[in-house]
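Read the structure below first, then the notes.
The values are calculated or read from the model by the stated rules, or taken from the named source; none is laboratory data. The shown structure was predicted, so the numbers you read here are calculated from the model rather than taken from an experiment. Heads up, the Cβs are rebuilt from the backbone with ideal geometry, glycines too, and the neighbour counts pull from every protein chain shown.
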Amino acid sequence: MQRVYITLEGDDKIAIYNLDSTSGDLTHQEDVEVPGGPAPFSVSPDSRHAYTGLRATNTMASFAIDESTGSLTPTGTVDLESDPCYVSVDATGRHLLSAYYSAGHIAVHPIGSDGALGDPATEWIGTRHKAHCAHTDPSNSFTFLPHVGESNAIYQYRFDANTGSLTPNDPAVIEAPEGDGPRHYAYHPHASFVYFDNEQGCSVTAYRVDPDVGTLSPFQTVPTLPEGWPGENSCAQLHMTPSGDFLYATNRGHNSIAMFAVDPASGRLTALGQQATVGTPRAFGIDPAGRFMLVGGLDNGDLATYRIDEGSGRLTHIATQSVGDQPMWIHITDPVD
């Protein structure tokens, strides 16, 4: 069994489900009331603490995770200067990174020894409007901050895991091709590649990462849409399987999951087509074993479950059910007893 946390911004709650690790069946466990519009969500490396950004109140909240039940108990809050659209915990579990779409900022907040938030940010750095994502690389030494829309750039930082400080890398900014709008990114788990989906460009760009200095070099861009599709669309989240063999991105408008195979040696992507899914699929998650995918739809609050074929990367639909108003983030834990 695996636990699933789904933030429901429109319902002011976090829904907790149990995912059967064999069948993919989902059962609802409980809802945690979280006033303020919970949206981005992250869990500490030891899986004992959780964090969410409350976009309606410009607040960040922390929770203790019950090891036996998975239930959430509030432990602290911290006021922010704007609404966070992304949060992540560094590998030490002592720093919370966050990105700010409206304010155009990146921040780092200290996490207490008890896993709680409460202290002001150690970093609050202005960048460009529509910043969208920040999480550290596997070495915990670097991070990137993509910007969508007219800002259309990726900021590069060195990260000090001892102090939580961010230092602009050289170069500090990569200007994306016009119209791309890099939004979210995923690190390859076994090689020095990172993949960004482009919100306006409706594509995924593959980058090589210099492991010594933490800078990016693009080498491939692949569309997320079928050739010739005439409708409006934008990309949202993207995730990679733990094996590093497959990459997925959501299409909002085409309402599909774009699927890609990843060459283990070159890092190049091969498009596998699109899987039709729920309306306006913003959030989705892949379980840590790489067997199942959950996709949330903003249109009707639906949640679709898919089995991932470990050989081909293609998706098989298992079930769709109602989950609540505006599913914004989906996090699936490691298996629990």
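Residue count for the range 301-316 satisfying the condition of being surrounded by fewer than 19 Cβ atoms within 10 Å (Cβ to Cβ), of a type outside the set (Lys, Arg) and touching a residue at least 24 places away in the same chain (Cβ under 8 Å): 2. Applying a threshold of 7 Å to beta carbon distances and a minimum spacing of six or more residues, or different chains, the list of pairs starting in the range 286-300 at a residue that is over 10 Å from residue 330 (Cα atoms) and modelled with pLDDT of 95 or more and ending at one that is of a type in the set (Lys, Arg) and part of a strand (DSSP E or B) reads 291/307; 292/307; 298/282.
Would you confirm, using the coordinates I've provided, whether residue 194 is under 24 Å from residue 280 (Cβ atoms) and either among the hydrophobic types (A, V, I, L, M, F, W, C) or exposed (fewer than 13 other Cβ atoms within 10 Å of the Cβ) (or both)? So residue 194 does not fit the description; no. Residue count for the range 242-260 satisfying the condition of being more than 16 Å from residue 311 (Cβ to Cβ) and not small (Gly, Ala, Ser): 6. Residues of the range 301-324 that are of a type outside the set (A, V, I, L, M) and either modelled with pLDDT under 95 or over 21 Å from the mean Cα position of the chain (by Cα) (or both): 309, 310, 311, 312, 316, 317, 320, 321, 322.
Against the test of being polar (S, T, N, Q), within 21 Å of the chain's Cα centre (by Cα) and at pLDDT 95 or above, the options 113, 88 yield a single qualifying residue, 88.
Of the residues making up the range 256-267, those that are touching a residue at least 60 places away in the same chain (Cβ under 8 Å) and surrounded by 15 or more Cβ atoms within 10 Å (Cβ to Cβ) are 262, 267. Scanning the range 117-128 turns up no residue that is in a strand (DSSP E or B), in contact (Cβ under 8 Å) with a residue 12 or more places away in the chain and surrounded by 24 or more Cβ atoms within 10 Å (Cβ to Cβ).
Scanning the range 215-255 for residues that are surrounded by fewer than 23 Cβ atoms within 10 Å (Cβ to Cβ), of a type in the set (Gly, Ala, Ser) and in a strand (DSSP E or B) returns 217, 234, 236. Highlighted here are the strands (runs of 3 or more DSSP E) found entirely within the range 163-214 that include at least 2 residues which are more than 14 Å from residue 144 (Cα to Cα) and in contact (Cβ under 8 Å) with a residue 24 or more places away in the chain: 203-209. Return yes when residue 165 is more than 21 Å from residue 237 (Cβ to Cβ), buried (at least 16 other Cβ atoms within 10 Å of the Cβ) and of a type in the set (Gly, Ala, Ser) and no when it is not. Taking the combined requirement at face value, the residue does not satisfy it. Tell me the strands (runs of 3 or more DSSP E) entirely within the range 276-337 that contain at least 2 residues that are hydroxyl-bearing (Ser, Thr, Tyr). Of the strands (runs of 3 or more DSSP E) lying wholly inside the range 276-337, those with at least 2 residues that are hydroxyl-bearing (Ser, Thr, Tyr) span 302-308, 315-322.
Going through 57, 75, 92 one at a time, which residue ends up being touching a Ser or Thr at 6+ places or on another chain (Cβ under 7 Å) and β-branched (Val, Ile, Thr)?
After ruling out the rest, the residue left standing is 75.
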